[in-house]
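What follows is calculated from the coordinates using simple rules that are stated; it is not laboratory data. Everything quoted here is computed from the prediction, not taken from an experiment. We place every Cβ from the backbone using ideal geometry, glycine too, and count neighbours over all the protein chains shown.
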Protein chains: 2
Amino acid sequence: MKSYCETGPHSARVAKAIEKEIFSGTFPPDSPLPSTRALAGRFGVSQRVVLSALDLLEKKDVLVRQERKRVYVKARSVVDGAKEILFFAFGDEIGLHSIYQAVNEMILNTGDLRRYDFFSRIVSSSGPFTSNRLDRELARLDNLGFIDCALFYCFMDEASMRKCMNLPYPVIFLGEVPDSGKLPSGARMISPDSTGLLLTAAKYAVEKQYKEMALAYWEEPATHRYEKKALRAMEDFLKSHSLPLRKIPIPGADLRETRKNFNSMAPSLAASLAPGTLLTAQNIHSQEFDSRTLLPRKKYPGIDLLTLTLPESSCRIKSVFRDYADFQRTVVEFIENARNPSEKYRHVTINYHYKIVEESE
Amino acid sequence: MKSYCETGPHSARVAKAIEKEIFSGTFPPDSPLPSTRALAGRFGVSQRVVLSALDLLEKKDVLVRQERKRVYVKARSVVDGAKEILFFAFGDEIGLHSIYQAVNEMILNTGDLRRYDFFSRIVSSSGPFTSNRLDRELARLDNLGFIDCALFYCFMDEASMRKCMNLPYPVIFLGEVPDSGKLPSGARMISPDSTGLLLTAAKYAVEKQYKEMALAYWEEPATHRYEKKALRAMEDFLKSHSLPLRKIPIPGADLRETRKNFNSMAPSLAASLAPGTLLTAQNIHSQEFDSRTLLPRKKYPGIDLLTLTLPESSCRIKSVFRDYADFQRTVVEFIENARNPSEKYRHVTINYHYKIVEESE
């Protein structure tokens, strides 16, 4: 670790150590710290160094100093009446991600959830999520002071997850397990069931007796383990109901490019579909859906479009409504048990509830 | 200012000074800092102290050190491809505030605005906004590192605004001018036109030839200057059209209590209204509106309800749709000109565009 300043590496080290003891529960919130003398003995430094460390921690808002009292440790929830939740989200077009939407609803919640205050770090500009970028983000999040619990939404590998777990507060990952299929030891994660969405579409196609199903999807994320699993579940279901599936991967380095490619492919794609086809699209978010120009009923009779990943307000024709309530309840349960060692609060998979909404043209 | 650590007050002071020069543009982004020796001379300290200060600033993510080069200053927008915007919002039931909604839409925006990344500090738990609380919040925001511009949404007096303006990055206030009617010198602010909403309701009542208008409003915010101004504008307009206005102030220490009071008053209030009355409610957000139980048409014929402050999705009967586009455009313009001394980027008042949405029962 880099020192806070050149001439005070001891106090920075001691500050970090005290902070760890606070966050790990050794020095519990709303209770006096051991005396300066006791702390000096414990860490093998002078009382001056301990006082500097306490200065640092006060600056970081981890401690509250009260005049003429020895009370130092205060949880923010005690100081300000609410637990502090950090929400970190990194993603392209973040507002369209279901997990972002679910947590954003929690932030806006006017009911039971008003016991939380939020620090949100929302990186929605384009650009890849690199190891350097993660390091820079973590360095800043480390400075945030008294966070009770962090929610991390960002697709990461095991090594990156481990880096996040070094933050001085508990981290709950939201999203998919790494492509290795393994979670780092001790990691906590809430995953949406990746198969639910495509299976909902497939069941709808079977129920409504379509003759064929066509799935347009962004090629890149489809290489991930969880997307493959979802596609396989859809294929198996359709096969068992003898409904053919036509897979249409759309190439693109990022969403913008993929959408552009999809839009230019759309006319010839639409022309190639037979009547009785249900066309679905995942991970593309094409604005074309909005304009109803992609599949005008007059020009392409018998072809319906089911949009899987568009926000409700911009959906046309048929769309999927997601209910995040179970997911949100689980997030709250994990937050409230962020230090509970029980296996129950390690990794769970939650199915959103989907509902197909039909709109007349 | 408190020192970062006891033994390094000089380096903390120098770090702060260098930071100021960076944010003020003296040491521009993406360019080398003066040499350690030059900086030592400039601030009258040893090169050791300067090196410590640079350590601090690197830790704060204000500088990027490159091996064997003297390039130190980097704007985050240069490093990561997007400007960093801090959004601070403090309010009861924050998700229902129009300004929160307008900025939140910006955060979610998938189009032109993806050139911004956001740090959001959302305090939506209950509890009053005190001077102590502001100090604690500002101490943490001061630690956030390279922020290009901050948006502050919170009703404040002049002294509090001045405190916020001490942050090491430009601050744009969103909301209403203090009750004193004055902005601190140099403050930048974008205000929504507080008269627009009530005038829209009044014009609707005149146009639809209601015989009376009833306005239920939360008493507490109505003591503020901008609310008084809005009420006066409404009164004047209705008077000039000879439409009587019945004012129904609802008491309550906070929104929760006010809503409770309103709900218990609602039946007798509704019973006291004559047919041909348009009842409007502001700053109450009663969930009762949602259940359509407040004014069932069968029981209270000829009385309509116009809800002014509910989000669109939970509105019933008649509601107002707000269009934030002009406001958002102005926010972007202010962000892009956050260091432009022109009067044009000081204080503007923006009218949302309102549209009355009628729903059949």
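Distances between equivalent label points of A:Arg115 across the copies, with each point positioned 7 Å along Cα→Cβ, amount to 4.4 nm, shortest listed first. Sorting the segments B:128-136, A:166-174 by their residues' average number of neighbouring beta-carbon atoms within 10 angstrom, most packed first, yields A:166-174, B:128-136. Entry note, segment A:157-246: relative contact order of 29 percent, from Cα contacts under 8 Å with a spacing of 6+ residues.
Would you work out if segment B:201-245 is rounded, prolate or oblate? Take a ≥ b ≥ c from the square roots of the eigenvalues of the alpha-carbon gyration tensor; rounded if a/c is under 1.5, else prolate when a/b is larger than b/c, oblate otherwise. In terms of gyration-tensor shape, prolate.
In this assembly of identical copies, the label point of A:Pro128 (Cα plus 7 Å along Cα-to-Cβ) is separated from its counterparts by 5.4 nm, sorted shortest first. Using alpha carbons only, how many angstrom separate the centre of segment B:126-184 from the centre of segment A:173-221? Taking the Cα centre of each part, segment B:126-184 and segment A:173-221 sit 43 Å apart.
Contact order, relative form, for segment A:153-200: 38 percent (alpha carbon pairs under 8 Å, 6 or more residues apart, mean separation divided by residue count).
Projecting the Cα atoms of B:Leu231, B:Tyr169, B:Ala216 onto the charge dipole of segment B:165-235, computed from C-beta unit charges around the Cα centre, puts B:Tyr169 farthest toward the positive end. Cross-linked pairs A:Lys182/A:Lys229; B:Lys228/B:Lys355; A:Lys83/A:Lys344; A:Lys16/A:Lys163; B:Lys83/B:Lys229; A:Lys60/B:Lys182: Cα-Cα separations exceed 25 Å for B:Lys83/B:Lys229; A:Lys60/B:Lys182.
Each other copy places its own label point for A:Phe321 at 1.8 nm from this one, sorted shortest first, where the point lies 7 Å along the Cα-to-beta carbon line.
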